[in-house]
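Asks: Questions regarding the structure given below will be posed in turn.
The values are calculated or read from the model by the stated rules, or taken from the named source; none is laboratory data. No experiment lies behind these values; they were computed from the predicted model shown. FYI the Cβ positions are ideal-geometry reconstructions off the backbone, even for glycines, and counts take in every protein chain you see. When the accessible area is computed, the model is the full protein with side chains, heavy atoms only, and any ligands, DNA or RNA have been set aside. Shrake-Rupley method; radii C 1.70, N 1.55, O 1.52, S 1.80 Å.
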Amino acid sequence: MNTLREIGQLAEHYDIAIVGAGPAGLSAAASAAELGLSVLLADENPAPGGQIYRAITTTPVADKCVLGEDYWKGGALVTRLERTAAAYAPGCTVWSVAPDETGGFELGLSLGGQARLVSAGQIILATGAQERPFPIPGWTLPGVMTAGAAQIALKSSGLVPSGRTVIAGCGPLLYLLAGQLAAAGANIVAVLDTTPRRNWLFALASLPDFLLSPYLAKGLKLMLQARRKLPFRTGVTALAAEGTDKVTSISVTHGGRTETIACDALLLHQGVIPGINLSNAAGCAQHFDAVQHCWTPTVDDWFASSIPGIAIAGDGAGIGGAESAALRGEIAALDAACRLGRISEAQRNAKAAPTQAELARSLRGRRFLDLLYRPAETFLAPPVDETIVCRCEEVTAGQIRDTASRLGVTGPNQMKAFLRCGMGPCQGRLCGPTVVELIAQAHKVSPAEVGYYRLRPPVKPITLGELAALPPTEAAVKAVVR
Amino acid sequence: MSASDRSADVIVIGGGIHGCSTALHCAMRGLSVILIEKDHAGRHASGVNAGGVRQLARHVAEIPLSNTSMALWHRITDLVDDDCGFTCDGQVLVAEDDEDLGNCRARVDDLTLRGFHHEELIDAAELRRLVPAVSDSCPGGVVSRRDGAAIPLRATQAFKRKAVALGADIREGVRVTRVARDGANWRVETDHGAFLSPRIVNAAGAWADRIAADLAEPVPLEVIAPMLMITARMPAFIKPVVILRKRKLSFKQFENGTVLIGGGYLGRAIRAENRTVLDWGKLATNAKTVWDLFPIMRAAPILRAWAGIEARMPDDLPVFGRSAKHEGVYHQFGFSAHGFQLGPGAGAVMAEIIATGSSNVPIDGLGIARFAPSAQP
């Protein structure tokens, strides 16, 4: 592995560029490099691992019990990549991916405050998942953060929230994190479970499959451990963070009664959804996945998107978890090599077969989890008008509801013109799903009919100075000389 | 669906600001209108342009139309019940050197002789007063003080809503497939059935050449994708919109602090897919111009860049007015990346021509006849 620390070290062209060094990106890069392709693996973080294996090579958390045995599996993926000739660029942000006029792709990247355009024959987006927005009254107060953010602090710096900590929401990761934080010494005063009780009805049909799945033992263990050790409240139907300068308490309604719990930190989490900003901005088709209840890029069995040459591997193309992400990266890399003519279709199929079988196994029981932990309507479309939905532009749920019904606004792209929601630096990462949900509710249609934001590059901000200093590509120089 | 749902006094093809404005003004004159739009109102050029409401530096042939429009912009709330985000802080053309300033002087003198007084030559001191952040090397420029900017999609949707309120029938998500003569009427075929009307207005923007071709009036329309980018919020430092003559630049800070940077650099339009692809090399040149002119902007984060799909004519002038061949056919397209300001006025003039047969606002030089084969040298 060739680690690139400066933008000038990047080549003009790679056979394949992979965005994101989580499990999908790491295994895609290793697999492509093993097949002899020139590979660029670009990742925003200072070290490989993505979110799930964040800081796997650098974490100060030495006690292996704290993060759990699954976390340490990430090390093998990095070791495999290290043995290849792939170029790995940490701290490198890919802010644009677009088709060029030669049938390949142009990537806009920034590293160390300098921008560059490079080209690649094939692209694999392995940008992973993000936490589903969880808008409740007071969620913008200091002291309130996502559970995932707390996990980043734990993995990368060994930090736990100080003081009385409340964890609220639903999903398997909620139990995992509660367990990790408790093991690391956090003072968890309450775990507030928002899983709607009636979800069990929908999920039961998928139970038999789940009973055979690898999730079962692991999941049960996590949940039972957390429940046994931590103060749980289930059936939570309303939440509000309270405080003036910072969160000082949380108001929680469960079983028809409301109580106030004093706290210094509130961690929110209601599952993860694909991070679609880069694929959306690149123009890849997407659809609304009714089971996972989120927008998902549309991909085929090889994880190829609607744009030939762009594949999306890992949780970025539908939530499947770390193990499945690594397998999907492997399969996407084989297809990319085939598209580049380096291996035949027959070779691709033969090499992929065992991985595909393993993938099917690893996804077994997923549907049960998706249905069981589907967030409640009240936490997807906040009923309290004053709840801020777009944090960048400070747009509330009430404003969106009112604009949708009074002005007849039927989609999020039109909503931007009236309220500016989704037009701040995060480009809708924190409001998009909620805005769609609120519009759908106002017009009594499904989120699928409402559509999603059309996103624009740069997918992450670059400075005007960086852009102004963008060196011309070799192709552009040649065009001028000619 | 009854026949009355399918016919009207006027059918407008295209729901950009021009189509919506014409529909509104026709409705105000008591005509029944059906507007047919393949996506939603303001989906393309009208919704994603820079929002400049500019009389400054226009070709003389479109100044009368622009003047008519500016009067409407200044009472836009009365017209459409929404302020459309319109602000009036003037637009300034900055001269980058003395030669540039000389050209500005010649332009303003020429306009004065023609009886137009909206452009005003300014010296370095007045330029500094209007645009304190501009680089010290700029010797002056031209200001058009009644100019400003509005929010494009909001404005287009406001015209649509007001037209609907006055009885216009706006059909969004309906694609015109063919236009043909049907007795005394024009038959507009769509993917949702056919519509009939004695009068049709071709306001189909970047798709208008297809309608014109159906009518045997082919036009050399180029589909372009002018690019724009916007920054994060910056401290307030500039009120008017700034444009340049020698280098391409259009520069505007909104009240919320964000700065819009454009100037007409073109990306790639993929018309059939409603898509555009940006050209970062050109955007870098665009950014370099701002870097030179406004040092305060050098560290500003660029949040988004995009391009709209627009129609450009070879002479950069719109096609506006009656068909050269057919009774009951009117053209209103090809605004060549500067049609947003013209929308309100062009709709009013078009409706007047449709309803009364003529207008006092001169539109000489804008007719489709200039592209007829016989008109070619």
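Asks: Inside the stretch B:266-311, can you point out the residues that are part of a loop (DSSP other than H, G, I, E, B), over 11 Å from A:G465 (Cα atoms) and free of Cβ contacts under 8 Å to residues at least 12 places away in the same chain?
Replies: Result: no residue meets the conditions.
Asks: Just wondering, is there one or more residues in the stretch A:389-405 that are within 14 Å of another protein chain (Cβ to nearest Cβ), open to solvent by 30 Å² or more (accessible area, probe 1.4 Å), among the basic types (K, R) and farther than 21 Å from A:E131 by Cβ?
Replies: no
Asks: Do we find that B:D136 is open to solvent by 60 Å² or more (accessible area, probe 1.4 Å), part of a loop (DSSP other than H, G, I, E, B) and free of Cβ contacts under 8 Å to residues at least 12 places away in the same chain in this structure?
Replies: It is true that B:D136 is open to solvent by 60 Å² or more (accessible area, probe 1.4 Å), part of a loop (DSSP other than H, G, I, E, B) and free of Cβ contacts under 8 Å to residues at least 12 places away in the same chain.
Asks: Sticking with this one: Within the stretch A:433-442, can one find any residue that is outside any loop (DSSP other than H, G, I, E, B), away from every other protein chain (no Cβ under 14 Å), more than 26 Å from B:P152 (Cα to Cα) and open to solvent by 20 Å² or more (accessible area, probe 1.4 Å)?
Replies: yes
Asks: While we're on this one: Confirm whether B:L228 is over 22 Å from B:E126 (Cα atoms) and facing chain A (nearest Cβ under 9 Å).
Replies: Spelling it out, it is not the case that B:L228 is over 22 Å from B:E126 (Cα atoms) and facing chain A (nearest Cβ under 9 Å).
Asks: Now for a separate question. Residues to consider are B:H59, B:H44; find the one that is within 24 Å of the chain's Cα centre (by Cα) and open to solvent by less than 50 Å² (accessible area, probe 1.4 Å).
Replies: Every option except B:H44 fails the conditions.
Asks: Scan the stretch B:345-374 for residues that are within 21 Å of the chain's Cα centre (by Cα) and not in a helix (DSSP H, G or I) and jot them down.
Replies: Listed by number, the residues that qualify are B:S359, B:V361, B:P362, B:I363, B:D364, B:G365, B:L366, B:G367.
Residues checked against (1) at negative phi; (2) in contact (Cβ under 8 Å) with a residue 60 or more places away in the chain; (3) open to solvent by 10 Å² or more (accessible area, probe 1.4 Å):
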site	(1), (2), (3)
A:S96	yes, yes, no
A:L107	yes, yes, no
A:S110	yes, yes, yes
A:G128	no, yes, yes
A:P135	yes, yes, no
A:T146	yes, yes, yes
A:L159	yes, no, yes
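Asks: Show the residue pairs that are 6+ apart or on different chains and have beta-carbon atoms under 6 Å apart, the first residue being within the stretch A:454-474 and facing another protein chain (nearest Cβ under 7 Å), the second being assigned to a helix (DSSP H, G or I) and surrounded by fewer than 20 Cβ atoms within 10 Å (Cβ to Cβ).
Replies: Every condition considered, the pairs that remain are A:A468/B:K288; A:A468/B:W291.
Per-residue answers, yes or no, for (1) of a type in the set (S, T, N, Q); (2) over 29 Å from A:Y175 (Cα atoms); (3) crowded, with 23+ Cβ neighbours inside 10 Å; (4) within 21 Å of the chain's Cα centre (by Cα):
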site: A:L327; (1), (2), (3), (4): no, no, yes, yes
site: A:L340; (1), (2), (3), (4): no, yes, no, no
site: A:S344; (1), (2), (3), (4): yes, yes, no, no
site: A:S362; (1), (2), (3), (4): yes, no, no, yes
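Asks: Further question: Checking A:R364 against (1) touching a Leu at 6+ places or on another chain (Cβ under 7 Å); (2) within 14 Å of chain B (Cβ to nearest Cβ); (3) among the charged types (D, E, K, R), which test does it fail?
Replies: Among (1) touching a Leu at 6+ places or on another chain (Cβ under 7 Å); (2) within 14 Å of chain B (Cβ to nearest Cβ); (3) among the charged types (D, E, K, R), A:R364 violates only (2).
Asks: May I pose another question? Identify the single condition in (1) more than 11 Å from chain B (Cβ to nearest Cβ); (2) open to solvent by 40 Å² or more (accessible area, probe 1.4 Å); (3) touching an Asp or Glu at 6+ places or on another chain (Cβ under 6 Å) that A:A381 does not satisfy, given that it satisfies every other one.
Replies: If we test A:A381 against (1) more than 11 Å from chain B (Cβ to nearest Cβ); (2) open to solvent by 40 Å² or more (accessible area, probe 1.4 Å); (3) touching an Asp or Glu at 6+ places or on another chain (Cβ under 6 Å), just (2) comes out false.
Asks: Being farther than 15 Å from A:L407 by Cα and facing chain A (nearest Cβ under 9 Å) is the filter here, so list the residues in the stretch B:142-171 that pass it.
Replies: Residues satisfying the conditions are B:I151, B:P152.
Asks: Follow-up. Just checking: which of the strands (runs of 3 or more DSSP E) contained wholly in the stretch A:221-285 hold 1 or more residues that are within 14 Å of chain B (Cβ to nearest Cβ)?
Replies: Where strands (runs of 3 or more DSSP E) fall fully within the stretch A:221-285, none carries at least 1 residues being within 14 Å of chain B (Cβ to nearest Cβ).
Asks: What number of residues within the stretch A:225-238 satisfy the criterion of being at pLDDT 95 or above and open to solvent by 10 Å² or more (accessible area, probe 1.4 Å)?
Replies: Residues in the stretch A:225-238 being at pLDDT 95 or above and open to solvent by 10 Å² or more (accessible area, probe 1.4 Å): 2 in total.
Asks: Another question about this same structure. Among the residues that make up the stretch A:179-202, is at least one of them surrounded by fewer than 19 Cβ atoms within 10 Å (Cβ to Cβ), farther than 30 Å from A:S38 by Cα and among the β-branched types (V, I, T)?
Replies: Yes; the residues of the stretch A:179-202 include at least one that is surrounded by fewer than 19 Cβ atoms within 10 Å (Cβ to Cβ), farther than 30 Å from A:S38 by Cα and among the β-branched types (V, I, T).
Asks: Among the numbered criteria (1) under 26 Å from B:V94 (Cα atoms); (2) at pLDDT 95 or above; (3) more than 17 Å from the chain's Cα centre (by Cα); (4) not acidic (D, E), which one does B:L293 miss?
Replies: Only one criterion is unmet by B:L293, namely (2).
Asks: Restricting attention to helices (runs of 4 or more DSSP H) lying wholly within the stretch A:301-372, give those where 3 or more residues are without any contact (Cβ under 8 Å) to a residue 60 or more places away in the chain.
Replies: Because the criterion is at least 3 residues that are without any contact (Cβ under 8 Å) to a residue 60 or more places away in the chain, the helices (runs of 4 or more DSSP H) in the stretch A:301-372 that meet it are A:322-339, A:345-362.
Asks: Can you name the condition, by its number, that A:A304 falls short on among (1) touching a strand residue (DSSP E or B) at 6+ places or on another chain (Cβ under 9 Å); (2) under 28 Å from A:G148 (Cα atoms)?
Replies: (2)
Asks: Based on what the data block shows, is B:G321 touching a helix residue (DSSP H, G or I) at 6+ places or on another chain (Cβ under 9 Å), in a helix (DSSP H, G or I) and not β-branched (V, I, T)?
Replies: So B:G321 does not fit the description; no.
Asks: May I ask you to list the residues in the stretch A:203-224 that are surrounded by 14 or more Cβ atoms within 10 Å (Cβ to Cβ) and either of a type outside the set (A, V, I, L, M, F, W, C) or at pLDDT 85 or above (or both)?
Replies: Hits for the stretch A:203-224 are A:A203, A:S206, A:D209, A:S213, A:P214, A:Y215, A:K218, A:G219.
Asks: OK, next. Can you confirm whether B:G343 is surrounded by 24 or more Cβ atoms within 10 Å (Cβ to Cβ) and more than 14 Å from chain A (Cβ to nearest Cβ)?
Replies: Here the answer is yes, as B:G343 does meet what is asked.
Asks: Can you report the number of residues in the stretch A:443-473 which are open to solvent by 30 Å² or more (accessible area, probe 1.4 Å) and either of a type in the set (G, A, S) or touching an Asp or Glu at 6+ places or on another chain (Cβ under 6 Å) (or both)?
Replies: Within the stretch A:443-473, residues that are open to solvent by 30 Å² or more (accessible area, probe 1.4 Å) and either of a type in the set (G, A, S) or touching an Asp or Glu at 6+ places or on another chain (Cβ under 6 Å) (or both) number 3.
Asks: Answer with yes or no whether B:A208 is under 30 Å from B:R181 (Cβ atoms) and more than 9 Å from chain A (Cβ to nearest Cβ).
Replies: Here the answer is yes, as B:A208 does meet what is asked.
Asks: Considering only the stretch B:283-312, state which residues are within 8 Å of chain A (Cβ to nearest Cβ) and more than 19 Å from A:G422 (Cβ to Cβ).
Replies: Those that are within 8 Å of chain A (Cβ to nearest Cβ) and more than 19 Å from A:G422 (Cβ to Cβ): B:L283, B:A284, B:A287, B:K288, B:V290, B:W291, B:M297, B:R298, B:A299, B:A300.
Asks: To continue, here is another question. I want to confirm something. Restricting to the stretch A:44-92 and keeping residues that are open to solvent by 30 Å² or more (accessible area, probe 1.4 Å) and among the hydroxyl-bearing types (S, T, Y), which single residue is nearest to A:Y14 (Cα to Cα)?
Replies: A:T79
Asks: While we're here: Would you confirm, using the coordinates I've provided, whether A:P458 is out of contact with any His (no Cβ under 7 Å at 6 or more places or on another chain) and either at pLDDT below 95 or under 23 Å from A:Q292 (Cβ atoms) (or both)?
Replies: It is false that A:P458 is out of contact with any His (no Cβ under 7 Å at 6 or more places or on another chain) and either at pLDDT below 95 or under 23 Å from A:Q292 (Cβ atoms) (or both).
Asks: Please enumerate the residues belonging to the stretch B:250-264 that are touching a helix residue (DSSP H, G or I) at 6+ places or on another chain (Cβ under 9 Å), surrounded by fewer than 23 Cβ atoms within 10 Å (Cβ to Cβ) and within 13 Å of chain A (Cβ to nearest Cβ).
Replies: Within the stretch B:250-264, no residue meets the criteria.
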